[in-house]
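Enquirer: One structure coming up, written as C-alpha cells, with questions to follow.
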Amino acid sequence: MPGPTTTKAAALGAALLLAAAMAPASASPAAAPSAAPAVTRPAADPVLVDCFFKPQVRPAGFMLACGDGNSRLTSLTWSRWDADAAVARGRNLVNDCEPYCAAGTFHSYPVLVRLDRPREWKKNPRLPHYSRMTLTYTDTRPERLARVETYPLWD
C-alpha cells in the first residue's frame, strides 16, 4: 500500500505533466532552424515617387524630366504592380529641343516601362518605393536614346 509520500510524489508528477502539456508553444524548446530564412514582405506594395515627392500607384502619366518637362510618360496601362516590380505600356513624349527646347516639338514613342528595386522611402520609411525605371522603346525612339534606357528614381 502506497504511503503519503508516494501519493504526494505521484500527484506532483501528474501536475507537472499537465502543466507541461498546457504550456504555450513559446515555452517549448526551440525548433531546429529552417534552411531558408523567413522573408518579411512590406505591409504595402511599393509606390512611384513623383516630382512633387507624392506617392503614386498605377499612375496614368509620369513626368520624367521634372526640371523642364521635356520628357513624360502618358497613357500608361499597368499589367503588373507588386512587391517586386511594376510593368506598363504607354507613350514617352519627348521634346526634340530643336532649335532649342522652348521652340521644340514633342514626339510620341511607344514604350514598355518597368519599375523595380523597391527600397525604403526616406520620406516615409514604412512605405517602400521603386528605385529604378527601365524604358524599352518598342518601335521608334528618340535619336539620342538607346532602345533600352535605365534610370535611378529619386527618393
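The values are calculated or read from the model by the stated rules, or taken from the named source; none is laboratory data. Predicted model only: the values in this text are computed from it and were never measured. No Cβ is skipped: glycine too gets one built from the backbone with ideal geometry, and neighbour counts run over all protein chains shown.
Enquirer: Just the residues that are within 28 Å of the chain's Cα centre (by Cα) and not hydrophobic (A, V, I, L, M, F, W, C), please, taken from region 138-155.
Expert: 138, 147, 149, 150, 151, 152, 155
Enquirer: Can I ask one more? For region 139-149, indicate whether the set of residues that are in contact with a strand residue (DSSP E or B) (Cβ under 7 Å, 6 or more places away or on another chain), assigned to a strand (DSSP E or B) and crowded, with 18+ Cβ neighbours inside 10 Å is non-empty.
Expert: no
Enquirer: Has region 109-127 got any residue that is at pLDDT 95 or above and in contact with a Cys (Cβ under 6 Å, 6 or more places away or on another chain)?
Expert: no
Enquirer: Determine which member of the set 58, 91, 80 is of a type in the set (Lys, Arg), outside any loop (DSSP other than H, G, I, E, B) and under 19 Å from the mean Cα position of the chain (by Cα).
Expert: Within the list 58, 91, 80, the selection yields 80.
Enquirer: Pairs under 7 Å by beta carbon, first residue on the phi < 0 side of the Ramachandran plot in region 65-84, partner loosely packed, with under 13 Cβ neighbours inside 10 Å and modelled with pLDDT under 95, six or more apart or different chains?
Expert: Filtered contacts from region 65-84: 83/41; 83/42.
Enquirer: Of the conditions (1) in contact with a Leu (Cβ under 6 Å, 6 or more places away or on another chain); (2) of a type in the set (Gly, Ala, Ser); (3) farther than 20 Å from residue 61 by Cα, residue 108 clears all except one; give me its number.
Expert: So the condition that residue 108 fails would be (3).
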